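The values are calculated or read from the model by the stated rules, or taken from the named source; none is laboratory data. Computed from a predicted structure; not experimentally measured. Counting neighbours? That spans all protein chains shown, and the Cβs are built from the backbone with ideal geometry, glycine included.
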Amino acid sequence: MPDDLPWWASTVIYQVYPRSFADSNGDGIGDLPGIIGHLDHLVDLGVETLWVSPFFDSPQHDVGYDVRNFRDVAPEYGTLDDAQALIDEAHGKGLKVMFDLVLNHTSEDHPWFVESRSSRDNPKADWYVWADGYRGRGGQPKPPNNWRSELQLPRAWQWSEEREQWYLATFLWFQPDLNWRNPELRAEMFDMIRMWLGRGVDGFRLDIFGSIMHDEALRDNDPKPTFMNGMPRLQTPSRTVNTDENFAVAGDLRAVCDEFEGDDRVLIGEVFGPPSTLRRYIEDQSHPGLHLVFLFEFLSAPYSAKRYRTLIEGFEHEFPAPLVPTYVVENHDRARSLSRMGGDLARARVMAALLCTLRGVPTLYMGQEIGMENTYIPLADANDPIPSVVARRLPEWLNKKLPERLNRDEVRTPMQWTAEPGAGFTDPGVPPWLPIHENHRTRNVATERDDPGSLLNWYRDLLALRKATPALQVGSLDLATDVPDDAIRFERTLDGTTVAVVANLGDRSLVVPATNAVLGGRTAAALLVSDPGVTIADHLVDLPPNTAAVISIT
Ligand code: GLC
């Protein structure tokens with residue numbers, strides 16, 4: 001491995017959603033000791049960085065993305081000591097640890113907001129984004145501009161009777177936006193970040209980071225509808241998302257991280273927009289910005305070789321080395337990838353092969369490694385507030401047909417550890433906070449660990465090979481364009497070592513040469529195949545439908 005590369009350039013991230021990972025005290029809710037108790041699963045799987053979704057004190061209306069105290073732990077998840085133990089124990093096992101920072105907003109129950117809302121002239125009056133708006137006919141208060149929330153249907157402004165003013169809420173109504181133009185607020189947020197860095201955390205995932213700084217003059221967004229990362233938007237968010245000032249905040253945060261020994265903490269942005277825009281979070285400044293940004297296109301792309309090739313080509317173009325693309329195929333907000341792929345495990349194996357061998361940082365969401373699927377939960381039963389905002393009267397038959405899950409509970413159900421009642425997530429007989437998928441009897445960590453042909457073991461094999469093969473971790477990527485429509489082939493090369501990856505995403509067998517280059521005395525040998533039916537004769541790879549192979553070229 002080149003030793004001038006930072007650890008995060010070759011890491012593999014595993015996202016844990018704490019409420020659903022492991023319940024250590026039998027209350028049906030996952031907790032920090034539960035995560036600590038299952039760190040060996042991460043080590044065994046071969047991931048290297050643990051990202052924990054928010055576990056800070058919160059009324060949990062958005063399952064922790066509505067923070068009431070950034071410096072404390074929600075009691076149902078544990079204590080500050082547990083958070084410290086999580087960092088230390090993970091480090092002891094060779095894992096890096098990333099926490100999740102919600103910088104854009106707080107809970108409406110945060111004492112800062114309670115104070116800010118109480119009058120126009122209290123000490124925290126300016127810590128949130130307040131605006132007068134204007135009075136319509138009949139004296140009705142009207143918001144200051146046309147901004148819509150990130151959920152599109154609701155507007156971004158909420159009326160406060162107490163201040164007779166509007167406050168900005170970019171996401172849900174109970175998540176008021178912090179005012180990052182206020183120097184005291186900024187200083188407090190940076191100090192809070194220092195507190196966690198001082199406790200040893202290796203970095204942060206930054207929640208809806210593209211929305212921190214909005215147009216100061218509150219000018220209207222362009223009303224033209226658009227698409228961003230495959231999702232429809234009712235207006236073009238030119239004044240609210242990815243503004244110039246927002247890129248500058250990335251640099252300020254980076255400076256805080258770089259105060260810490262080693263200069264090697266990592267910042268990963270949850271940011272939306274075209275890759276050419278997202279790249280600006282990393283390098284569009286005189287000083288450094290974020291280290292990585294998630295690339296979300298694979299969350300909504302149809303399973304198609306042609307589509308994937310276009311995406312990979314685009315990411316390679318926008319994030320050439322030393323920049324590092326960060327691939328995501330699942331997270332706690334979007335449909336499970338296996339469900340998106342029609343429940344076809346062969347496809348999931350192809351997806352895993354691509355994710356673990358592409359140039360960049362792969363991100364796995366808990367349960368992805370065992371093939372967890374969406375657990376259908378009707379909108380009326382949702383714990384997630386989104387359906388109550390955007391789909392109050394949507395009939396279930398239509399909801400079921402949507403490509404995305406409006407009720408995010410469906411992708412947040414408890415981790416499936418065992419076949420037992422409670423799935424090893426909680427004690428048998430304890431009602432879990434969300435229902436457990438009935439397929440846990442066969443699809444769970446314990447069962448799959450014993451099955452050499454399981455998806456879990458395929459992920460383990462891929463990640464072990466990746467760890468043992470610097471070319472797969474940090475080598476260059478050469479994507480072939482002269483392949484059949486349904487095929488993907490790329491080569492990863494470092495210091496003369498070449499590993500080829502070939503995949504057939506179609507429903508008919510394909511024969512694909514293992515490499516672009518004339519082999520001339522070199523040989524192609526399979527390192528890993530997703531299916532025993534894959535064969536290599538001479539340098540031709542015979543790929544049954546929905547299969548992949550990782551091949552050494554020597
Ligand atoms: C991000 C999180 C999501 C949360 C939202 C508001 O998109 O991933 O779960 O609801 O931000 O914080």
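With respect to the conditions (1) within 16 Å of the ligand (Cβ to nearest atom); (2) under 20 Å from GLU438 (Cβ atoms); (3) touching a helix residue (DSSP H, G or I) at 6+ places or on another chain (Cβ under 7 Å), ILE386 lacks only one, and its number is (2). With respect to PRO154, is the statement that it is surrounded by fewer than 18 Cβ atoms within 10 Å (Cβ to Cβ), within 31 Å of the chain's Cα centre (by Cα), more than 30 Å from LEU32 (Cα to Cα) and of a type outside the set (Asp, Glu) true? So PRO154 passes the test.
What strands (runs of 3 or more DSSP E) lie completely within the stretch 139-238 and have 3 or more residues being under 19 Å from SER107 (Cα atoms), away from the ligand (no atom under 15 Å from the Cβ) and in contact with a Phe, Trp or Tyr (Cβ under 8 Å, 6 or more places away or on another chain)? First the steps, then the outcome.
On the way: elements: 157-160, 165-168, 203-206, 226-228, 231-233.
Result: 157-160, 165-168.
Listed by first and then second residue, the pairs with beta-carbon distance under 8 Å, at least 6 apart or on different chains, first residue in the stretch 164-184 and over 10 Å from TYR128 (Cβ atoms), second of a type in the set (Val, Ile, Thr) and within 11 Å of the ligand (Cβ to nearest atom), are THR170/ILE208; PHE171/ILE208; LEU172/ILE386; GLN175/THR106. In the stretch 1-9, the count of residues that are in contact with a strand residue (DSSP E or B) (Cβ under 7 Å, 6 or more places away or on another chain), surrounded by 23 or more Cβ atoms within 10 Å (Cβ to Cβ) and among the aromatic types (Phe, Trp, Tyr) is one or more.
Taken over the stretch 416-444, the criterion of being assigned to a loop (DSSP other than H, G, I, E, B), more than 15 Å from ILE29 (Cβ to Cβ) and not small (Gly, Ala, Ser) is satisfied by GLN416, TRP417, THR418, GLU420, PRO421, PRO428, HIS437, THR442, ARG443, ASN444.
Taking ARG279 as the residue in question, decide whether it is under 18 Å from VAL129 (Cα atoms) and in the same structural domain as TYR308 (by TED's automatic domain parsing). No.
Quick one: which strands (runs of 3 or more DSSP E) lie wholly within the stretch 487-548 and hold at least 1 residues that are among the basic types (Lys, Arg) and in contact with a strand residue (DSSP E or B) (Cβ under 7 Å, 6 or more places away or on another chain)?
On the way: elements: 487-494, 497-504, 510-513, 524-529, 535-537, 540-543.
Correct list: 487-494.
Residues that are among the hydroxyl-bearing types (Ser, Thr, Tyr) and crowded, with 22+ Cβ neighbours inside 10 Å within the stretch 397-451 comprise THR413, THR426, listed in sequence order.
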